[in-house]
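The values are calculated or read from the model by the stated rules, or taken from the named source; none is laboratory data. Not measured: the values here are computed from a predicted model. Virtual Cβ from ideal backbone geometry, glycine too; neighbours counted across all protein chains shown. Accessible surface is based on the protein model in full, side chains and every heavy atom, while ligands, DNA and RNA are left aside. Shrake-Rupley method; radii C 1.70, N 1.55, O 1.52, S 1.80 Å.
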Amino acid sequence: MKNKPTHYGLLLAAITIILFFAVYLLYLGEDYYMISIKVNFFVLPGLYTLTALILLYKLTNQTKLPFLKCLSYSFTTLALGGTLSYIFIAIFFNYIDLHAQHLLYNQGMSKLMENLNAEYATIQNPSEEITSKYNEYVSILKLRMAMNEPFFTFKNSCVFLSALFFFYFIISLLLSIFFRTRLPNATFHRHSPAQ
C-alpha cells in the first residue's frame with residue numbers, strides 16, 4: 001500500500017464498515033446498543049490511532065517531516081476514514097434499515113433510564129429537590145422514548161462528527177509532536193550502564 005493519507009483513510013473506512021456489518025449481523029437484538037457502544041469506544045479509537053501511527057512511522061522512515069505535515073497527514077487519514085464510514089452508516093440506518101435504527105434508539109433510551117433509576121436508588125433519604133429533578137428527567141426520557149426520533153438526524157450527525165473531529169485532532173496532535181522529531185531510518189539502542 002502506498003503511504004498516502006487517502007489510501008489509509010479509505011482503508012479505515014472499509015474496516016469500519018466491515019466492523020459495523022459484523023456487529024449488525026451478529027448482535028442485532030437485545031444487546032445491539034451496548035455492543036455498538038463498546039466497539040465505538042474501545043475498538044475503533046485503537047484502530048484509528050494505530051493506523052495513523054503506522055502511516056506516520058512509514059512516512060518519517062523515508063524523510064524527516066515538519067510538525068504541520070505530520071498533523072495534516074494523520075488528521076486527513078482519520079477524518080477521511082471516520083467521515084466516509086459515518087456517512088455510509090447514517091445512510092444505511094436512515095434509508096435501508098429503519099427498524100435497526102429504532103432498536104438502537106430505544107435501547108439507548110432504556111439504558112439511560114436504567115442508569116438514572118439505579119443512581120436514584122443509591123441515594124438514601126433523597127431531598128425533595130433531588131426527587132423533583134429525578135421525576136423531571138424520567139418525564140423527559142419517557143417523552144423522548146415515545147417520540148422515537150432517529151439517531152442519525154442532520155443535527156445529531158453534526159454534533160457527532162464535531163466530536164469525532166476533535167478526537168482525531170487530539171490524536172493527530174499527539175502523534176505529530178512525537179514524529180516530527182523522528183530521524184529517518186533511526187534505530188534505538190539500549191545503552192548498558194558504564195562498568
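Points worth noting:
- Rounded percent of accessible protein surface that carbon and sulfur make up, segment 1-156, 1.4 Å probe: 65
- Its Cα centre serving as origin, the chain has a Cβ charge dipole (Lys and Arg +1, Asp and Glu -1) of approximately 1340 debye.
- Sequence-ordered 3J(HN,Hα) estimates for segment 3-8 from the Karplus curve with 6.51, -1.76 and 1.60 and θ = phi - 60° stand at 7, 10, x, 5, 5, 5 Hz, glycine and proline given as x.
- Listed pairs LYS38/LYS133; LYS4/LYS155; LYS4/LYS69; LYS69/LYS155; LYS38/LYS111 exceeding 24 Å between Cα atoms: LYS38/LYS133; LYS4/LYS155; LYS69/LYS155
- Short-range pairs are left out: with C-alpha atoms under 8 Å and at least six residues apart, the relative contact order of segment 1-130 is 41 percent.
- Residue-by-residue Karplus 3J(HN,Hα) for segment 132-137, coefficients 6.51, -1.76, 1.60, Hz, glycine and proline x: 4, 5, 4, 4, 5, 5
- Accessible area per residue for segment 8-160, computed on protein heavy atoms with a 1.4 Å probe, is 60 Å².
- Label sites at ARG144 and GLU129, each approximated as a point 7 angstrom past Cα along Cα to Cβ, lie 2.4 nm apart.
- Expected 222 nm ellipticity per residue - DSSP helices of 4 or more, -39500 (n - 2.57), all of the chain, to 500: -25500 deg cm²/dmol
- Placing unit charges on the Cβ atoms of the charged side chains and taking the dipole of the chain about its Cα centre, the candidate lying farthest along the positive direction among LEU103, THR122, THR153 is THR153.
- Measuring only protein heavy atoms, the 1.4 Å probe finds ILE54 accessible over about 70 Å².
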